[in-house]
Amino acid sequence: AKVSASYTSLSNREGLIKDLKERYYWTDHEGKLFESIPKGVSKGAGVEFLMHYLKADMEDTYGFGDSRNDLEMLQTVKYGVLMGNGDQKLKDLVAFSTEAMFDNGLFNALRRFSLI
């Protein structure tokens, strides 16, 4: 469960974060949009749950993302790939990178990994 919201100069963003920071993580996107997710919930935890449920090996996991809310997933999977249009602050935190989404980034990465 994730909430995405935009805010303006009239919004009390800091007050909202202060009131809910004990229970939610916040991610800012370029000063116009933020996302919140409950603490303990993440894409990485989702991958771990699914792989455990399927009795599958984490060695076979790939993840593709472009923003801070993808970081835990990209670090949980065996092959985490930052999209070229992604938050470049994450580049040193993720093992692999590819071109931007609209520059065939996903296709190119799948070919590099010999998945297609």
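The values are calculated or read from the model by the stated rules, or taken from the named source; none is laboratory data. The structure presented is a predicted model; accordingly, all values stated were derived computationally and were not measured. FYI the Cβ positions are ideal-geometry reconstructions off the backbone, even for glycines, and counts take in every protein chain you see. Keep in mind that these areas ignore ligands, DNA and RNA; they rest on the heavy atoms of the full protein, side chains included. Shrake-Rupley method; radii C 1.70, N 1.55, O 1.52, S 1.80 Å.
If you scan region 69-83, which residues turn out to be of a type in the set (A, V, I, L, M) and not in a helix (DSSP H, G or I)?
VAL77, VAL81, LEU82, MET83, listed by residue number.
Determine whether MET73 is surrounded by 11 or more Cβ atoms within 10 Å (Cβ to Cβ) and over 12 Å from the mean Cα position of the chain (by Cα).
When the stated conditions are applied, MET73 does not pass them.
For region 76-87, enumerate the residues that are closer than 21 Å to TRP26 by Cβ and open to solvent by less than 20 Å² (accessible area, probe 1.4 Å).
LEU82, GLY86
For the subset of region 1-56 comprising residues that are over 21 Å from the mean Cα position of the chain (by Cα) and modelled with pLDDT of 90 or more, which member is most open to solvent (accessible area, probe 1.4 Å)?
Only one residue fits best here, namely LYS55.
With the requirement that a residue be free of Cβ contacts under 8 Å to residues at least 40 places away in the same chain and open to solvent by less than 90 Å² (accessible area, probe 1.4 Å), what does region 57-70 give you?
Once the filter is applied, which keeps residues that are free of Cβ contacts under 8 Å to residues at least 40 places away in the same chain and open to solvent by less than 90 Å² (accessible area, probe 1.4 Å), region 57-70 yields ASP57, MET58, THR61, GLY63, GLY65, ASP66, ASP70.
Out of region 88-105, which residues are under 15 Å from the mean Cα position of the chain (by Cα) and open to solvent by 50 Å² or more (accessible area, probe 1.4 Å)?
Correct list: GLN88, LYS89, LYS91, ASP92, LEU93, ALA95, PHE96, SER97, MET101.
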